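Trainee: Have a look at this one.
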């Protein structure tokens, strides 16, 4: 499944509250909890996002996507977000993608994790285009929250590179639509909010 989002920065408005209430199974699956695993709002709002990120990762599980972005191999030396920003600041250079599977672990250790495989950034006409690839994604319980976290990441990188936020593309090689009836009801009940 491929989802293209033209205005990802609009995800945390009043629609997000409605969708969060409808989709959250429990507190651990709330929009805020799931989005935080990709990009905590406190990092974006901090005056120095890098210092805020370093403080925060000490409190987080190493299997967390955010931790893997700012401390990829657990050594404290590989901050993939900083690498992306430096590459994008050099005009015309598209950086290597952010990766989530750890090279030091066996395939068995990574089984079931990570669902988010990679994130790629591109510049086009002054906009930051971001493509996220999921090995597997649960659309009912987590997709919207994942989109919020990805939009936050895109907003941070765009801000640091003096670019506008562009399209966000999410590719899910195994999209799981676990409650299609609930999703259809949600979409029809929020149609007025989206227009």
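Trainee: Residues 19, 5, 41: which one is under 19 Å from residue 60 (Cβ atoms), modelled with pLDDT of 65 or more and either touching a helix residue (DSSP H, G or I) at 6+ places or on another chain (Cβ under 7 Å) or surrounded by 14 or more Cβ atoms within 10 Å (Cβ to Cβ) (or both)?
Mentor: 41
Trainee: A further question on this structure: Could you tell me which numbered condition residue 24 fails, if it satisfies all but one of (1) touching a helix residue (DSSP H, G or I) at 6+ places or on another chain (Cβ under 8 Å); (2) at pLDDT 75 or above?
Mentor: Going through the list (1) touching a helix residue (DSSP H, G or I) at 6+ places or on another chain (Cβ under 8 Å); (2) at pLDDT 75 or above, residue 24 breaks only (2).
Trainee: A further question follows. Among the residues in segment 161-172, are any in a strand (DSSP E or B), at pLDDT below 90 and surrounded by 17 or more Cβ atoms within 10 Å (Cβ to Cβ)?
Mentor: yes
Trainee: Could you check segment 120-155 and list, in sequence order, the residues that are part of a strand (DSSP E or B) and under 26 Å from residue 46 (Cα atoms)?
Mentor: Matches in segment 120-155: 120, 121, 122, 123, 127, 128, 129, 130, 131, 132.
Trainee: Among the numbered criteria (1) touching a helix residue (DSSP H, G or I) at 6+ places or on another chain (Cβ under 7 Å); (2) modelled with pLDDT of 90 or more, which one does residue 186 miss?
Mentor: All conditions pass for residue 186, except number (2).
Trainee: Based on what the data block shows, is residue 60 surrounded by 15 or more Cβ atoms within 10 Å (Cβ to Cβ) and in a helix (DSSP H, G or I)?
Mentor: no
The values are calculated or read from the model by the stated rules, or taken from the named source; none is laboratory data. If you're wondering where the values come from, they're calculated on a predicted model, not measured in any experiment. Every residue, glycine among them, receives a Cβ derived from its backbone with ideal geometry; neighbour counts consider all protein chains shown.
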